[in-house]
């Protein structure tokens, strides 16, 4: 379990699925092992030894402020079926909720759930199966969802059971706040529009006492994309727009001391963007104790 401090905010990573390989030929557009070779030294925590796959982690971030607890993205969830394209996510039985509680965040203490977008590995624990029904996992929370994504996936989800199981029960319970991609969630937490991976994809900006962090969501899947923002995932809705979102982040965060927290980055997960002259490098930052 990793934690970071940003001013008076504390951010804690809760892992559902630890480091697992995403083969380049399956998950990336026109990317091969030889493309990663020049960056192997600093990419070592984020790629396999053979270089033919990027390592990925599925985790949530819990942000503690003075009066609020916010969880950002809720991973895959237990007992859900996502089809043949993502068999590794089907019918999981993990201890994510137990780990969340052991870290001091029982579900009924969460005030706000933020979904950066509505892909299955970011909304799975929005709900859980109870007596044959999918019910909200965080019963006292408001679920904040970018309206563009909510409207799009309600009409276009290729796996409609994902929406039916992980989103519709929240709508039925009137727990959803469908918001603009620039929405202020709390005093120190804002959405930032970063479309491309999905139509309404939004990252999350945290700020306190002059310090700042950004939780990426799936705007970026691997730190190597900071060196090559033109490299895209096969799951990007609009690869050109996703590249533009990454370039915008680079312009705002490089050499600015802004902590970047990758929603799929293995440990150390958080780091700074530093321009080395030959390009930008993601430099891992030691978490708080």
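The values are calculated or read from the model by the stated rules, or taken from the named source; none is laboratory data. Because the structure is predicted, anything quoted here is derived from the model rather than measured. Cβ atoms come from the backbone with ideal geometry, glycine included; neighbour counts cover every protein chain shown.
Points to keep in mind about this one:
- Among the residues of the stretch 184-197, those identified as buried (at least 19 other Cβ atoms within 10 Å of the Cβ) and not in a strand (DSSP E or B) are 188, 194, 195, 196, 197.
- For the stretch 36-143, the strands (runs of 3 or more DSSP E) that sit wholly inside it and include 2 or more residues that are closer than 18 Å to residue 262 by Cβ and in contact with a helix residue (DSSP H, G or I) (Cβ under 7 Å, 6 or more places away or on another chain) are 53-64.
- Which listed residue, of 213, 178, 288, 253, is at pLDDT below 95 and under 28 Å from residue 8 (Cα atoms): 288
- Taken together, 82, 46 contain a single residue that is over 21 Å from residue 219 (Cα atoms), crowded, with 20+ Cβ neighbours inside 10 Å and touching a residue at least 60 places away in the same chain (Cβ under 8 Å), which is 82.
- Here residue 206 meets each of (1) in contact with a helix residue (DSSP H, G or I) (Cβ under 8 Å, 6 or more places away or on another chain); (2) within 26 Å of residue 5 (Cβ to Cβ); (3) buried (at least 24 other Cβ atoms within 10 Å of the Cβ) with one exception, condition (1).
- Identity of the residue in the stretch 1-35, outside any strand (DSSP E or B) and in contact with a strand residue (DSSP E or B) (Cβ under 8 Å, 6 or more places away or on another chain), that ends up nearest to residue 257 (Cα to Cα): 7
- When residues of the stretch 198-214 are limited to those that are part of a loop (DSSP other than H, G, I, E, B) and closer than 27 Å to residue 24 by Cα, the one farthest from the chain's Cα centre (by Cα): 199
- Every residue from the stretch 215-235 that is free of Cβ contacts under 8 Å to residues at least 60 places away in the same chain, within 18 Å of the chain's Cα centre (by Cα) and surrounded by fewer than 21 Cβ atoms within 10 Å (Cβ to Cβ): 229
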